[in-house]
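Report on the following structure.
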Amino acid sequence: MGLLDVLNGMQNGPRGQPQPAAPGSGGMSKITMALLAFLAYKAYKGSQPAQASVPSPYPGGQGREPQGAEAGGLAGVLRTIFGGGSVPGPVLSRGVGNTVQDFERSGQGEIARSWVGRGQNRPVEPEKLEAALGEDGIRDLMRQTGMERDELLATLSEHLPRVIDHLTPEGRLPTEQEASRLA
């Protein structure tokens, strides 16, 4: 089962009714858009030179776009994804890795590690997710998804543990090649 299968299974609301897709989203539900935008945001935010304390896994060091990503940075990847394209493996791999790092930095490492590990996924409260995401990230994701702040945080806190769990079936962060196969 691929990532999009998992995300498609999340499109139904509490009563089993599909949630409407946003205009220009390639038919994706708001939940799918929020989760993919979150991972893409984390992939690119972590590759920016401003975060010099985070070592780059890409040849040549900091500030490089993941290989296989469309030119144009985060906006280019989001255009590809929301236009019905696939999610590049480097985006998924880097997005998951940066999410775990950001949770570690915000004092919530145990929560993120539970999603990666093989045991029970611990829930994350919207407030803790907010601390790990940061104000800039929240604003960017609100703009990309068209969701209000509370709706975005509630959606991510509900579904992000399951998505990261799916992307880490071996109980560890995926390589780019593994992430490409899971997408």
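The values are calculated or read from the model by the stated rules, or taken from the named source; none is laboratory data. This is a predicted model, so every value here is computed, not measured. Cβ: placed from backbone, ideal geometry, glycine included. Neighbour counts: every protein chain shown. Only protein heavy atoms, including side chains, enter the accessible area calculation; ligands, DNA and RNA are left aside. Shrake-Rupley method; radii C 1.70, N 1.55, O 1.52, S 1.80 Å.
Results, tabulated for the structure shown:
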item	result
Complete set of residues in the range 130-150 that are touching a residue at least 40 places away in the same chain (Cβ under 8 Å), assigned to a helix (DSSP H, G or I) and either among the aromatic types (F, W, Y) or closer than 15 Å to T32 by Cα (or both)	L141, Q144, T145
Criterion (more than 18 Å from M33 (Cβ to Cβ) and of a type outside the set (G, A, S)) met by exactly one of E127, E158	E127
Residues of the range 134-148 classified as open to solvent by less than 60 Å² (accessible area, probe 1.4 Å) and on the phi < 0 side of the Ramachandran plot, total	7
Test for R181: is it in contact with a Pro (Cβ under 9 Å, 6 or more places away or on another chain), surrounded by fewer than 20 Cβ atoms within 10 Å (Cβ to Cβ), in a helix (DSSP H, G or I) and of a type in the set (D, E, K, R)	yes
